[in-house]
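The values are calculated or read from the model by the stated rules, or taken from the named source; none is laboratory data. This structure is a prediction, so every number in the text was calculated from the model and none was measured. Heads up, the Cβs are rebuilt from the backbone with ideal geometry, glycines too, and the neighbour counts pull from every protein chain shown. These accessible areas exclude ligands, DNA and RNA; they are computed on the full protein's heavy atoms, side chains included. Shrake-Rupley method; radii C 1.70, N 1.55, O 1.52, S 1.80 Å.
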Amino acid sequence: MSKKHYTLLVTTVALFSGTRGFASDVVLIHGHIYTGNEKIRWAQALAVTGSKIDAVGTDQEISSRREAKTQVIDLQGSTVIPGISDAHTHMWFGGRALRGFNFATPELRITVNEPDKLVAQLKAYAASHPKDKVLFGRGQFSVAPNSPVTHQLLDRAVPDRPLVIHGTGEHNLWVNGKALAMAGITDKPVADPLEEKYVVRDAQHHPTGVLIDPAMQLIVRALPPEPLEDRMAVLREAAHFLNSYGITSVVNATGNLKEIEVYGALRDRGQLTVRTRTSFAEVSVNHHLTPQFLADLEKARTTYHDDWVSANLVKFFSDGAGATSAQLQPAADGTQTRPWYEPADYQKTVLELDRRGYQIMTHSIGDAAARMVLDAYEQVEKINGPRDRRFRMEHLFSLTPQDIPRFLKLSVIADMQPSFCCSGNAPNRNHRWQTLEKTGATLAFSSDWPCTWPPDPYIGIQEAVTRQSRPFGNSASSPDPEYFMPEEAVTVEQAVNAYTRAAAYARFSEDKLGTLEPGKEADLVVLSQDIFTVAHEDIGKTKAMMTMAGGKVVFERPKL
Ligand SMILES: [Zn+2]
């Protein structure tokens, strides 16, 4: 919490305690509260003082903490759950998409299949944003070399300044001619051979405008610097958007010191409404432990380690995204995707960062990558010795049966996205949620926002309990629901726990977040309906009606 906030709260608390003993600041009564606490799972009411919960119990017990100036929130029977802790987001990309154009939402979907419509929309967007030096947006497009996804098509709409369209999965960019020029991408190969490999070119070696995974850095490095105020606006908007879904804390799976400094600036102004823990990573770029990288990491964790802004986390990409991975050759042992790292390099890098005490999370889609990561984690623990390190793995579309028990054995947290399951037809994926749960491993859920749009945890819970595809989203285009390995579905309670308690554990915050108990931070969400009793296929219709973070209401929806 910011210094300013803190001062305000201290003043309030002092006033109250001076005049009325144990009276709470706020009481929430007449509720149906799922606490997530194994000892007392359900309660009617809870009381908040300052940023913390000071009591959970019956209406009668909590009403006794009420005095003249106590704010009373009558829940009128509404269901309340702990604030959603989204274990894997990219707030920077999400905020960018919110402020730019977004052609891949449930409400609006424009692709290259309607080129004239696409051009018209882009023209209109450019005309309404005359001051933007670079135009940003989000859309779904093919990365195949001979598709109509070309810079020429974008040049028809925006010929005069750079235009950058982020692919929905954040693993590729589609840019116009001005953006290629800004980044110095010509018919000649770029300097870095790895980046060059992922610049899509036509038969004449002309760049098409599509840049995949490591090649995206060519654009990222060429972007003009943005003033702090503008970057704060992007992330402030992202935080409010997350709050509107009941999300009160996140782990950012990409980031750097510059991004973390923006969260710090927002916190200092009392404008940060989501608790952030941010890793160091650029999409699909291998880490090299340069003196600058290590210095930034160290500065981030020594400067930012409070309830609202924290670091001490490094994210690795061990393979590509679903679509990109599918283009790679199957490995000799028949596994689906090849890891990006040489196993020895990956292990060496993780070993050194672990030795320095950083938490490690690794993106892993294919089973070969998962095997490499688990092997490395196992070796690192052997070499560096036991400690509470909470290794994490992200996505885990595909696991071989032999690797499943290793999550519990090695205390590796499995962070998975309900929205990534159950659609498309990629071979070998299995998304083994219930199997992992049964082994006793920690299963955390997340949206990977903006890869999932919107980052709606109630749609996520519905998907988690039904294993049914959503009618929109990442790769799904079929209007008919598909059910995928329904035996891997989890219960509503397991899904909520994965989005709250387990996610809090995965960010080292379980002593403060994840359940509603006295002494914990008052992070909670009031729901429009009871997700524990409505039909499973209706859970996704749930709305967050009120979101509280650190005892403050950060989002309120007008009555439905
Ligand atoms: Zn991600």
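Here are some notes:
- Point-to-point label distance, Phe532-Asp268, nm (Cα→Cβ direction, 7 Å offset): 4.3 nm
- Cα lying deepest toward the dipole's positive end in the range 89-222, options Ile165, Ser147, Ala127, charges on Cβ: Ala127
- The longest part of the chain holding none of the exposed loop GluC sites (Glu not before Pro), meaning those outside H, G, I, E and B in DSSP with at most 12 other Cβ atoms within 10 Å, is 108-560.
- Considering all C-alpha pairs of the chain, those separated by over 41 Å amount to 22%.
- Extension gain, Ile383 to Arg109: 0.36 nm times the residue separation minus the Cα-Cα distance gives 93.6 nm.
- Cα gyration tensor of the range 139-190 - equivalent ellipsoid semi-axes, whole Å, descending: 17, 14, 11
- The equivalent ellipsoid of the range 231-511 has semi-axes of 27, 24, 17 Å, largest first, where each one is the square root of 5 times an eigenvalue of the Cα gyration tensor.
- Rounded D (µm²/s) - the range 178-234, Kirkwood Rh over Cα pairs, Stokes-Einstein at 37 °C, 0.692 mPa s: 268 µm²/s
- The chain, accessible area per residue, ligands and nucleic acids excluded (1.4 Å, Å²): 40 Å²
- Relative contact order computed over the chain (Cα-Cα under 8 Å; 6+ residues apart), in percent: 17 percent
- DSSP-loop trypsin sites (Lys or Arg not before Pro) across the range 75-157, with at most 11 other Cβ within 10 angstrom: Lys131, Lys133
- Lone cysteines, the chain (no partner Cβ under 4.7 Å): Cys451
- Interchain or long-range residues, amide H under 5 Å from Phe280's placed H: Leu313, Val314, Lys315
- Calculated FRET efficiency for the pair Asp511/Lys39, C-beta based, R₀ 22 Å, to 0.05: 0.90
- Fully extending the segment from Asp59 to His129 would add 20.0 nm, taking 0.36 nm per residue of separation and subtracting the current Cα-Cα distance.
- Whole-angstrom Cα spans of the range 89-222 along principal axes, big to small: 39, 33, 28
- Per residue convex hull volume, Cα atoms of the range 502-560, in Å³: 106 Å³
- For the chain, the share of accessible area belonging to carbon and sulfur comes to 55 percent (1.4 Å probe, ligands and nucleic acids excluded).
- Out-of-range pairs (alpha-carbon distance over 22 Å; input Lys409/Lys438; Lys520/Lys552; Lys258/Lys552; Lys39/Lys541): Lys258/Lys552; Lys39/Lys541
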